[in-house]
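Scroll down for the structure; my scribbles are underneath it.
The values are calculated or read from the model by the stated rules, or taken from the named source; none is laboratory data. Everything numeric here is computed off the predicted structure, so don't read it as measured data. Glycine also receives a Cβ, built like all others from the backbone with ideal geometry; neighbour counts cover every protein chain displayed. Ligands, DNA and RNA are stripped out before the accessible areas are found, and what is left, the full protein with its side chains, is counted by its heavy atoms. Shrake-Rupley method; radii C 1.70, N 1.55, O 1.52, S 1.80 Å.
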Amino acid sequence: MGARATELSQEDLLCMYRKMLEARYFEEKVVEIYAQGLMPGLAHLYIGQEAVAVGVCAALKPEDLITSTHRGHGHCIAKGGDLKPMMAELFGKATGYCRGKGGSMHISAFELGILGANGVVGGGIPIATGAALSAKMRGSGQVVACFFGDGASNQGSFHESLNIAALWKLPVVYVCENNRYGISVSQARHQAIENISVRAQAYGMPGVTVDGNDVEAVYRAAREAVERARQGSGPTLVECKTYRWRGHHEGDPNQGQRYRSREEIQEWKEKCPIKRLRTKLLAKGVSPSKLEEIEATVREAVEQAVEYANNSPFPSIKEAFSDVYAE
Ligand SMILES: Cc1ncc(C[n+]2csc(CCOP(=O)(O)OP(=O)(O)O)c2C)c(N)n1
């Protein structure tokens, strides 16, 4: 993305705006296509959380690594994923990042430093920690950003990983996306703490909480944590407070009845991270037509990704067992 500077230029912010739109429009399309039954498996959408992935990945270099979650499309796009092989992967097609065998929840693209989305809650945390140990032992200078949710921060994998990463000063940034729910359980019903970042103290690393709907705030916190990791000073826990607009997965009927109110959803929609950046860009003197042009280009790119996915073949039955295990 070319950011990583202390101060973000207008060009950096426009780049972030484009990436956030890619994540949003890609998934708005997934809503439609999933409802038509064209996508096998489950789709957990990231709509509302885009500022986290984009703010964090803007602080990384292309050779840095990320691990993702079951809600991983935004992470993949922010780290440089191309919409066409991503959409093809969601359709189960041979032209997808994992040749159609990963689907929405298991996209990986090692060439982009994407070590994989993961259906196991908290499963990416030890993977990121191991990758950070590897980077340290190889002296590669790489940093690993590890995305996970508030629910995942209750898993043993979280506590064991943070403990060892702090002890060994591993180059990893733990990014907790506190979107307030683990499926239908609110944070207040699964944790006695308000800020998950306080857990960092127990392991001897810095912990910060930021507004996860403010891409610049996320970027600033991530940048500091990435620099700290790169200098050999060890991990940081960055908690980003945000919200998911859709149900837990597509097909979860909850849009304001069972576990959260319509008013709550509406309140968070008003804090839309994309609208917020748009307002900021306009205030900085960017013309509305420039933003409209970006919006139209991204919409077109999403349409092309769907066409590409639709026209791609399914993998051959003969390849059922290839690319499943590392060779
Ligand atoms: C080890 C494990 N336990 C339980 C589940 C079932 N499960 C899927 S998503 C989820 C909630 C995850 O919540 P959080 O980590 O906050 O992520 P979010 O869905 O909010 O992004 C659970 C319990 C699972 N996939 N893996």
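Comparison of VAL226, VAL198, VAL210 shows that the only residue that is more than 15 Å from the ligand (Cβ to nearest atom), part of a strand (DSSP E or B) and β-branched (Val, Ile, Thr) is VAL210.
ALA221 meets all of the listed conditions (1) outside any loop (DSSP other than H, G, I, E, B); (2) out of contact with any strand residue (DSSP E or B) (no Cβ under 6 Å at 6 or more places or on another chain) but one, namely (2). Number of residues in segment 165-190 that are open to solvent by less than 90 Å² (accessible area, probe 1.4 Å), in contact with a Ser or Thr (Cβ under 8 Å, 6 or more places away or on another chain) and within 15 Å of the ligand (Cβ to nearest atom) equals 5. Does GLY74 count as at pLDDT 95 or above, open to solvent by less than 10 Å² (accessible area, probe 1.4 Å) and either within 9 Å of the chain's Cα centre (by Cα) or more than 16 Å from the ligand (Cβ to nearest atom) (or both)? For GLY74, the condition - at pLDDT 95 or above, open to solvent by less than 10 Å² (accessible area, probe 1.4 Å) and either within 9 Å of the chain's Cα centre (by Cα) or more than 16 Å from the ligand (Cβ to nearest atom) (or both) - is met. Exactly one residue out of THR67, THR95 is of a type in the set (S, T, N, Q), touching a helix residue (DSSP H, G or I) at 6+ places or on another chain (Cβ under 7 Å), at pLDDT 95 or above and open to solvent by less than 10 Å² (accessible area, probe 1.4 Å), and it is THR67.
The sole residue among SER153, SER161 that is under 25 Å from VAL226 (Cβ atoms), modelled with pLDDT of 95 or more, open to solvent by less than 30 Å² (accessible area, probe 1.4 Å) and near the ligand (Cβ under 10 Å from one of its atoms) is SER153. Please go through segment 24-39 and pick out each residue that is surrounded by 13 or more Cβ atoms within 10 Å (Cβ to Cβ) and either hydroxyl-bearing (Ser, Thr, Tyr) or at positive phi (or both). Residues satisfying the conditions are TYR25, TYR34.
Are any residues in segment 129-144 touching a Ser or Thr at 6+ places or on another chain (Cβ under 8 Å) and either among the hydrophobic types (A, V, I, L, M, F, W, C) or within 14 Å of the ligand (Cβ to nearest atom) (or both), and if so, which ones? Passing the criteria: ALA131, VAL144.
Determine whether segment 233-247 contains at least one residue that is within 12 Å of the ligand (Cβ to nearest atom), surrounded by fewer than 24 Cβ atoms within 10 Å (Cβ to Cβ) and basic (Lys, Arg). Yes, segment 233-247 contains at least one residue that is within 12 Å of the ligand (Cβ to nearest atom), surrounded by fewer than 24 Cβ atoms within 10 Å (Cβ to Cβ) and basic (Lys, Arg). For the criterion of being out of contact with any strand residue (DSSP E or B) (no Cβ under 6 Å at 6 or more places or on another chain), at pLDDT 95 or above and surrounded by 24 or more Cβ atoms within 10 Å (Cβ to Cβ), ALA43 fails. Residue-level analysis places SER104 among those that are at pLDDT 95 or above, under 17 Å from the mean Cα position of the chain (by Cα), buried (at least 22 other Cβ atoms within 10 Å of the Cβ) and within 16 Å of the ligand (Cβ to nearest atom). A count restricted to segment 250-283 and to residues that are surrounded by fewer than 18 Cβ atoms within 10 Å (Cβ to Cβ), at pLDDT below 95 and in a loop (DSSP other than H, G, I, E, B) stands at 10. The residue that is nearest to the chain's Cα centre (by Cα), counting only those in segment 107-128 that are more than 16 Å from the ligand (Cβ to nearest atom), open to solvent by 10 Å² or more (accessible area, probe 1.4 Å) and not hydrophobic (A, V, I, L, M, F, W, C), is SER108. From THR67, THR6, grab the single residue that is touching a Cys at 6+ places or on another chain (Cβ under 9 Å) and touching a residue at least 24 places away in the same chain (Cβ under 8 Å). Answer to the check: THR67. Evaluation of ILE294 against the conditions (1) open to solvent by 20 Å² or more (accessible area, probe 1.4 Å); (2) of a type outside the set (D, E, K, R); (3) part of a helix (DSSP H, G or I) shows that the sole unmet condition is (1). Candidates LEU14, LEU21: the one that is more than 21 Å from ASN118 (Cα to Cα), in contact (Cβ under 8 Å) with a residue 60 or more places away in the chain, buried (at least 20 other Cβ atoms within 10 Å of the Cβ) and not small (Gly, Ala, Ser) is LEU21.
Here is a check on your reading of the model: is GLY141 buried (at least 19 other Cβ atoms within 10 Å of the Cβ) and not in a strand (DSSP E or B)? No.
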